[in-house]
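Enquirer: Before we start, here is the structure in question, set down as structure tokens.
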Amino acid sequence: MNSRKLVGPHRRMPAQDSLWLHLDRPENLMVVTSVLWTRTPVDPARLRSVVSDRLLARYPVYLQKAVRHGGDFSWETDRGFDLGKHLVVRDLPAPGTRATLEEFVAARRSEPLDPGRPLWMIDLLQGYGVGSALVVRTHHSMADGIRLTQVLFSLLDPADGEDASPHAKVGGASPRRETVAQPVVRLGAALLRALGDTGAKVQQRAGRVHPVLETAVALPVLGTTAAVGATGAAAGFVSAALSGGPRRVVDTLAGAATTVWHSTTGVGDLLGPSSATGLWDGEVGVEKTAAWGDPVPLADLARIGHETGTTVNDVCTALVAGALDRYFAAHGTARPEPSDLGWLIPVSLSSFDDELPADLGNHFSLVLAQLPLGRRSFAERLAEVHRRVARIRDSYEPVLTFGVQYVIAQSPAPLGRAMSRYFAGKGVGVLTNVPGPRAAMTLAGAPVEGIVGWAPCSGRQAITICVFSYAGQVRFGFGTDRKLIPDPDALVAGLAAEFAAAR
């Protein structure tokens with residue numbers, strides 16, 4: 001039955017939202033999936049009231065369906081809207097364990113939403129242990145995953161009046177530059193590192209042709225590296241001798257030049273050859289999986305970050321890289337030398353704690369991050385992850401890739417799909433890191449124990465990984481294509497083993 005008066009204008013769907021409808025395919029649905037579970041049963045009537053007040057009354061798109069007119073889509077109010085068809089209460093099959101819930105979520109990740117209704121669905125599952133579980137699926141055309149996570153949080157209430165704000169602020173389009181004593185030296189180090197990485201790749205490819213060619217390539221690379229290093233050292237010495245206004249001008253220019261260089265490097269990675277080949281190759285299927293492990297104490301991750309001069313995000317990302325290393329080694333597919341594996345990471349272009357617009361929508365970009373594989377130790381892997389993530393933070397890459405997404409969205413559908421597949425092929429999958437509420441929360445009065453959620457894959461991507469923090473704990477979730485990666489539990493175990501080694 002209808003629980004409230006239907007409101008909300010009919011409106012043309014923005015191109016950056018309709019893009020996700022054009023990209024929908026049975027093998028990779030453009031649906032964001034979130035799961036949370038509670039310590040006591042959730043009362044269905046109270047949940048319906050919460051959903052009505054905090055979703056339907058605030059965001060008209062939850063009452064609207066996507067209607068196609070030629071090549072365009074519009075949001076049009078569903079006059080036959082029935083909350084009972086979007087919020088379904090059912091019993092979780094016995095024995096009501098995590099494995100049972102994972103199988104239910106996996107099945108839901110494989111099913112399309114009904115295109116004749118508003119593009120969202122909530123399953124309230126009774127009998128998950130002694131509590132309940134909530135499985136929320138929302139189409140990407142309604143909003144990006146970061147905004148949908150905020151919408152999910154809006155359904156929750158702080159327990160005992162505690163501070164429910166996220167433990168970290170994320171989002172924003174401006175570069176975030178690390179504070180250093182000598183920006184000129186930092187610029188020189190960035191150029192040297194880029195030159196060294198490029199030289200190593202060129203030498204490696206030349207060596208595959210002939211050892212003599214490798215030697216011939218090595219000499220000019222060494223000479224150029226020495227020249228750049230000497231120039232950088234001299235510039236650093238001169239800048240250190242300056243003071244006052246001249247020093248500030250030089251430092252500002254060096255910092256800006258580093259940001260531009262980092263941005264150029266990111267664009268080069270995006271336009272260059274893919275590093276996602278050779279692993280999980282093949283056409284993805286319709287059936288998906290879902291798995292997550294026991295929580296990791298946030299305090300332990302923060303301690304590791306403090307001791308190594310890195311961030312909690314760096315530590316989590318390095319743990320994911322280590323879990324992948326362990327997975328490839330166990331399956332005999334590890335590469336013989338250190339290498340990179342590209343991942344697409346969603347970045348919000350607005351602050352996470354801003355007031356959400358009533359029409360929601362997509363305002364994010366996907367940046368390409370190269371995770372290191374084959375490093376000898378966690379410390380080495382963490383240092384490399386920190387360097388790479390810091391480069392992305394100190395760049396205009398999110399804004400530049402948003403421009404690419406905008407061009408794709410504005411292009412004719414066939415061209416847009418082709419461009420999207422090309423850029424999706426740069427990464428093996430999607431990696432998200434969401435800072436949830438610091439304090440314990442309740443859903444319709446029931447204490448929430450844990451939350452995980454996944455962004456969708458596109459093209460031939462076979463895996464989506466989430467890092468989700470909540471109430472002092474961090475959970476790592478793996479959503480995979482069952483055809484190419486049938487054993488996500490092996491990734492969960494690899495993550496646990498990596499964390500044990502990192503401690």
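The values are calculated or read from the model by the stated rules, or taken from the named source; none is laboratory data. Keep in mind the model is a prediction, meaning the values are calculated, not measured. Methodologically, a virtual Cβ is constructed for each residue, glycine included, from the backbone with ideal geometry; neighbour enumeration extends over all protein chains shown. With ligands, DNA and RNA removed, areas are computed over all heavy atoms of the protein, side chains included. Shrake-Rupley method; radii C 1.70, N 1.55, O 1.52, S 1.80 Å.
Enquirer: Report those strands (runs of 3 or more DSSP E) wholly inside the stretch 42-147 carrying at least 1 residues which are in contact with a Ser or Thr (Cβ under 7 Å, 6 or more places away or on another chain) and open to solvent by less than 60 Å² (accessible area, probe 1.4 Å). Step through it out loud before you land on a result.
Expert: Numbers: elements: 64-69, 72-77, 87-91, 120-128, 131-139.
So the answer is 64-69, 72-77, 120-128, 131-139.
Enquirer: To continue, here is another question. Residues in the stretch 348-355: is at least one buried (at least 22 other Cβ atoms within 10 Å of the Cβ) and assigned to a loop (DSSP other than H, G, I, E, B)?
Expert: No, there is no match, as no residue in the stretch 348-355 is buried (at least 22 other Cβ atoms within 10 Å of the Cβ) and assigned to a loop (DSSP other than H, G, I, E, B).
Enquirer: Quick check on residue 449: is it touching a His at 6+ places or on another chain (Cβ under 8 Å) and either touching a residue at least 24 places away in the same chain (Cβ under 8 Å) or closer than 30 Å to residue 71 by Cα (or both)?
Expert: Working: touching a His at 6+ places or on another chain (Cβ under 8 Å): no; either touching a residue at least 24 places away in the same chain (Cβ under 8 Å) or closer than 30 Å to residue 71 by Cα (or both): yes.
So residue 449 fails the test.
Enquirer: Also, quick follow-up: Considering only the stretch 459-490, state which residues are closer than 17 Å to residue 29 by Cα and open to solvent by 20 Å² or more (accessible area, probe 1.4 Å).
Expert: 460, 482, 483, 484
Enquirer: Additional query: Is at least one residue of the stretch 326-344 under 25 Å from residue 472 (Cα atoms) and either in contact with a strand residue (DSSP E or B) (Cβ under 6 Å, 6 or more places away or on another chain) or at pLDDT 90 or above (or both)?
Expert: Step one: of the stretch 326-344, the residues under 25 Å from residue 472 (Cα atoms) are none.
No, the stretch 326-344 contains no residue that is under 25 Å from residue 472 (Cα atoms) and either in contact with a strand residue (DSSP E or B) (Cβ under 6 Å, 6 or more places away or on another chain) or at pLDDT 90 or above (or both).
Enquirer: Still on this structure, please answer the following. Which of the numbered conditions does residue 355 fail, given that it passes all the others? Conditions: (1) in contact (Cβ under 8 Å) with a residue 40 or more places away in the chain; (2) closer than 30 Å to residue 56 by Cβ.
Expert: (1)
Enquirer: Could I ask something else about it? Output the residue which, of all residues in the stretch 284-301 that are surrounded by 15 or more Cβ atoms within 10 Å (Cβ to Cβ) and hydrophobic (A, V, I, L, M, F, W, C), is modelled with the lowest pLDDT.
Expert: 284
Enquirer: For the stretch 495-503, indicate whether the set of residues that are under 16 Å from residue 295 (Cβ atoms) and without any contact (Cβ under 8 Å) to a residue 24 or more places away in the chain is non-empty.
Expert: Yes, because at least one residue in the stretch 495-503 is under 16 Å from residue 295 (Cβ atoms) and without any contact (Cβ under 8 Å) to a residue 24 or more places away in the chain.
Enquirer: If residue 397 satisfies all but one of (1) closer than 19 Å to residue 427 by Cα; (2) modelled with pLDDT of 85 or more, what's the number of the condition it fails?
Expert: Of the numbered conditions (1) closer than 19 Å to residue 427 by Cα; (2) modelled with pLDDT of 85 or more, the odd one out for residue 397 is (2).
Enquirer: Another question about this same structure. May I ask you to say which residue of 445, 374, 436, 425 is closer than 30 Å to residue 130 by Cβ, touching a Lys or Arg at 6+ places or on another chain (Cβ under 7 Å) and small (Gly, Ala, Ser)? Even if it seems obvious, please write down each step before you answer.
Expert: Details: 374 fails: closer than 30 Å to residue 130 by Cβ; 436 fails: touching a Lys or Arg at 6+ places or on another chain (Cβ under 7 Å); 425 fails: closer than 30 Å to residue 130 by Cβ.
The match here is 445.
Enquirer: If you check 438, 460, which single one turns out to be within 17 Å of residue 297 (Cα to Cα) and touching a residue at least 60 places away in the same chain (Cβ under 8 Å)? First the steps, then the outcome.
Expert: Details: 460 fails: within 17 Å of residue 297 (Cα to Cα).
After applying the criteria, what remains is 438.
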